[in-house]
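To start, the structure under review is shown below, and the notes come after it.
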There are 2 protein chains.
Amino acid sequence: MNFFTRLILTTSYVTRCEGVSLTLRRKHSLGNQQIRVSKQKRVALGNPEINSLTLSQKRDILALDTDNNTLKFPTIWLRDNCQCPACFQRHSQSRTIDWGKFDFGVKPLSAKLVESELTIEWSDNHRSNFTLDWLIERSFTEEKRKLFRNKIYRFERTTWGANEFGKYLKKFDYKSVLNEDSTLLNWLESLTKYGVAIVTNVPAKNNSNKILTERVAFTRRTHYGEEFTVIAKDGTTNVAYLSSTLPLHTDLPYYHYAPGANLLHCLVQSQGKGGESQLADGFHVGNYLKLHEPESYKILTKTLVDWSDVGHENGDHFHSLHQAPVLCEDEFGDLVRVNFSQPQRDSHFNAPLEQVILWYEAVGLFTKLLYSPENNVTFKLAEGDILTFDNLRLVHGRSAYADTTGRERLLIGCYLDWDEIYSRIRVLRKQLKRSKEMNIEQSTRNLHQLCLSF
Amino acid sequence: MNFFTRLILTTSYVTRCEGVSLTLRRKHSLGNQQIRVSKQKRVALGNPEINSLTLSQKRDILALDTDNNTLKFPTIWLRDNCQCPACFQRHSQSRTIDWGKFDFGVKPLSAKLVESELTIEWSDNHRSNFTLDWLIERSFTEEKRKLFRNKIYRFERTTWGANEFGKYLKKFDYKSVLNEDSTLLNWLESLTKYGVAIVTNVPAKNNSNKILTERVAFTRRTHYGEEFTVIAKDGTTNVAYLSSTLPLHTDLPYYHYAPGANLLHCLVQSQGKGGESQLADGFHVGNYLKLHEPESYKILTKTLVDWSDVGHENGDHFHSLHQAPVLCEDEFGDLVRVNFSQPQRDSHFNAPLEQVILWYEAVGLFTKLLYSPENNVTFKLAEGDILTFDNLRLVHGRSAYADTTGRERLLIGCYLDWDEIYSRIRVLRKQLKRSKEMNIEQSTRNLHQLCLSF
């Protein structure tokens, strides 16, 4: 049975200009209130054609009926999102209704649709107007929700094993990223989709990496500073600064707010063997476990592990701690973060004993898969490369190396947060779309000019 | 029934020096392996007295039996946390075992306890030693887990309503915070516990606030920069920069990584009425709902809301989005973050329609409670105050004001992240404890010297 038990009040309508007006007057009725329009006079709005406006019995839902569908809107949401200058400030794109004084019991008294504009009179003596385009863009269907989530809020991801890596690893010229918005967008989209991309031809300067982050937004600072130098050091408190093998890990899992993306600028590479970068896609392996080893997956998503870092940098001491699983899911059960680091896992393990035993079994399997040739890729960065990768998704490592006299392997790293990357992608997409539309307009004008001149 | 079904192998023991050695040799036995020591020869370790070592049948759990308790440890965890120089680097406080080569099936071959040191021989030809203090500190009991969580990982919180606010609001002298570690710690502990504290006597300089954050760690940057100036501005894209009422809100809910603590330095306060700060404890109100309005609480913890910010700052455009509930819980069902901002909630609401209607009812109730005199406090900052508060817990607002000629209300704000605050608290507690112990030692030495001189 339809959500609405309908009570048709009237079929009258008024034609204005080339459109149709649908008026709905308040009735103290137990049934729903609906106005139908004749088929010939439907309001055409791109895809849907609106047949009628319907208000639910409680006056809490307003429905726009089309032949195939009913677009429903909560009336309280409509009032809350009134677009008039008193309720919404256009230049700050902000709602200005003060909730301290808002009537949460507000109801529509009447609603009418004139051409493509919906007008509602409210019980708090207010009137709101909405264009149908605006409403349709915000419709409460599952399809719209998914679209928003996958295209605007987050972007599509493609996970990979070793076989696909070569196909997915894209390279972007540093100067081009700095100077062309389209290359900047392509790099960030590649980084988002595959979790990895290389920026090439980077000047051998200490601040080249920082300049790149500032092209996006700004460098994410941590207790290691804004930039960190990866060079063999004596007496370090971080194992990354040794020339021995650096096993697969994610950076800074002991931060509740772990850095989103890692940018490693290779200034000096070691000669001969060693110093290779290793990567594996933690989401790819995690999803494999979810499918084939669901018990292990469950343990890795449910067991809180104590990630920690105790040390000092430039004389400043820190003691960071974060309790989180190896595999972190969002509300939809999708993986959103991998925490993985042998050196930076505390010897305190605050989980029940039996669970800890199962956790070691599961993490053993996860580790084996991360290191297996099916999932693990090894390559050597060239001098002038910036390896950029998703630190919440990929694990990375490095094989041991030996410095030769006068030639010390040197990487300068820094971080970018996903909040800033996503924001930049949204802005760039909008700007590039607008500029494309303007180019088309300009081309049309040019063509028109050309035609006239013949 | 006890988790261990015991098979006592031997009761022999060897006395060495003033201690007791407990040896356990590998037996291919289906039962558990246990060694008992006579009551007279127990190993005394502060509180517990160890009666015996027990290895479970699968050799996956090692138990230390006392009269009152059994301390159990997963053997794989023991191997993973071997403290020898090959497995653990002391100065970086890091595990150096390479998991790429680790045997996850490793088992103990034998274990012995000499005085307060446990020695284990492993199936991977390795030997580990652990002191009993180290083990007891890491025992897998629920009590230890809670202690670690509430004393080391996180710290105790006291939520408040308007009646308690005056009692809990502490003030700290700026110079003292900068110069004395104990005052710095007291301020941060107060901020953590009550979610609010005021730093007073702050020099009227633009960078006073930044200096304060650098005393803790560093300023958290956002797309509004490292610092933001709250002054009435024309043509702003942020409603905080208007002189009208600023309704209760949390800052930057549209960041996945929302800034942890807010620091608002009042340089110029408006004369006459208006410009008052408003605060309410979102956790206090949230917990009230949990107890008295569980359905509303559930809706507010489960409904994903679209928080957004579209605008520009210093010519740089941004479009931030974050989907999260108003009330966010951790894995234990404790509140960890409040998201609340009318202007910065998107008109897109990506939740099912029926849930949206219930959400408005619930958020209406939450809002009413936040604004109610039982929960809401109003006070006027003095010039030279820095209001510091937990931005993930408290909501804040400001009453409308009017600038007088030549006197424009001016606040400079910046943020600190909880990752850095917690880290600083842990470091300070350790340092102050050590310095206290050293002072006691010094006093004892002085006293001894004094006695000798008589």
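Based on DSSP H segments of at least four residues, each scored -39500 (n - 2.57), the protein assembly as shown has a per-residue ellipticity at 222 nm of -9000 deg cm²/dmol. The apolar share of the surface of the protein assembly as shown, taken as the fraction of accessible area on carbon and sulfur atoms (1.4 Å probe, ligands and nucleic acids excluded), comes to 50 percent.
A point 7 Å from Cα along Cα→Cβ stands in for residue B:98, and the other copies hold the same point at 6.6 nm, listed in rising order.
Length available on full extension from residue B:156 to residue B:58: 0.36 nm per residue minus the Cα-Cα distance, which gives 31.3 nm. One residue of chain A places its C-beta nearer than any other to the axis carrying A onto B; that residue and its whole-Å distance are A:257, 2.
If one computes the Cα centroid of segment B:400-429 and of segment B:260-303, what distance in Å separates the two points? Segment B:400-429 and segment B:260-303 have Cα centres separated by 16 Å. Phi angles of segment B:436-446 translate, via the Karplus equation with coefficients 6.51, -1.76, 1.60 and θ = phi - 60°, into HN-Hα couplings of 5, 4, 5, 4, 5, 4, 4, 4, 5, 4, 4 Hz per residue; Gly and Pro are given as x. Placing a label point 7 Å from Cα along the Cα-to-Cβ direction at residue A:173 gives distances to the equivalent points in the other copies of 6.3 nm, listed shortest first. Using a simple spin-label model with pseudo-atoms 7 Å out from Cα toward Cβ, residue B:176 and residue A:173 lie 6.2 nm apart.
Other residues within the sphere of radius under 10 Å centred on the Cβ of residue B:412, judged by their own Cβ, net out at +1 (K and R +1, D and E -1). Short to long, the 20 Å bins of the Cα pair-distance histogram for the protein assembly as shown hold 12, 38, 34, 13, 2, 0 percent of all pairs.
Computed from the C-beta positions of residue A:404 and residue B:98 and an R0 of 22 Å, the FRET efficiency is 0.35 to the nearest 0.05. Taken one residue at a time, the phi angles of segment A:275-288 give Karplus couplings (6.51, -1.76, 1.60, θ = phi - 60°) of x, 6, 8, 10, 9, 8, 8, x, 6, 4, 5, x, 5, 4 Hz. Gly and Pro are set to x. At the listed q of 0.06 Å⁻¹, the Debye profile of chain B, built from one uniform point per Cα, gives log10 I(q)/I(0) equal to -0.41. Distance between the 7 Å Cα→Cβ label points at residue A:447 and residue B:313: 4.3 nm.
Once Rh is set to the Kirkwood radius over Cα pairs, what Stokes-Einstein translational diffusion coefficient, in µm²/s, holds for segment A:371-425 at a temperature of 10 °C and a viscosity of 1.306 mPa s? Translational diffusion coefficient: 111 µm²/s. Peptide B:337-348 is shielded by partner chain Cβ atoms: per residue, an average of 5 of them sit within 10 Å of its Cβ. Of interest is the spacing of the C-alpha centroids, which for segment A:340-373 and segment A:66-98 amounts to 49 Å. Taking amide hydrogens as placed 1.01 Å from N in the peptide plane, the amide H of residue B:341 sits under 5 Å from those of B:250, each at least 5 positions away in sequence or on another chain. Any idea what % of Cα-Cα pairs in segment A:280-400 are farther than 25 Å? That fraction is 30 percent. I need the Debye-formula profile for segment A:63-203: one equal scatterer per C-alpha, no solvent, reported as log10 I(q)/I(0) at q = 0.09 1/Å, two decimals. Here log10 of I(q) over I(0) equals -0.51. Placing dummy labels 7 Å off each Cα toward the beta-carbon, the span from residue A:435 to residue B:67 is 8.0 nm.
How many percent of all Cα-Cα pairs in segment A:242-308 sit more than 13 Å apart? It works out to 77 percent of all Cα pairs. Rg over Rh for segment B:388-454 works out to 1.39, using Cα positions for both radii and the Kirkwood form for Rh.
Where does helix B:181-194 land angle-wise versus the long Cα axis of chain B, in degrees 0 to 90, nearest 10? Helix B:181-194 sits roughly 70 degrees off the main axis of chain B. Roughly what percent of Cα-Cα pairs across segment A:75-129 reach past 18 Å? Looking at segment A:75-129, the distances longer than 18 Å represent 30 percent of pairs.
For the protein assembly as shown, report the accessible area per residue in Å² (1.4 Å probe, heavy atoms, rounded to an integer). Intermediate values should be presented prior to the final figure.
Working: 40300 Å² over 908 residues.
Spelled out: the 1.4 Å probe surface of the protein assembly as shown, per residue, equals 44 Å².
Percent of C-alpha pairs per 5 Å bin in segment A:166-291, short distances first: 2, 8, 16, 20, 22, 17, 10, 4, 1, 0.
The values are calculated or read from the model by the stated rules, or taken from the named source; none is laboratory data. These numbers come from a predicted model, not from an experiment. Because the Cβ atoms are built from the backbone with ideal geometry, glycine has one as well, and the counts that use them run over all protein chains shown. The area values use the complete protein model at the heavy-atom level, side chains included, leaving out ligands, DNA and RNA. Shrake-Rupley method; radii C 1.70, N 1.55, O 1.52, S 1.80 Å.
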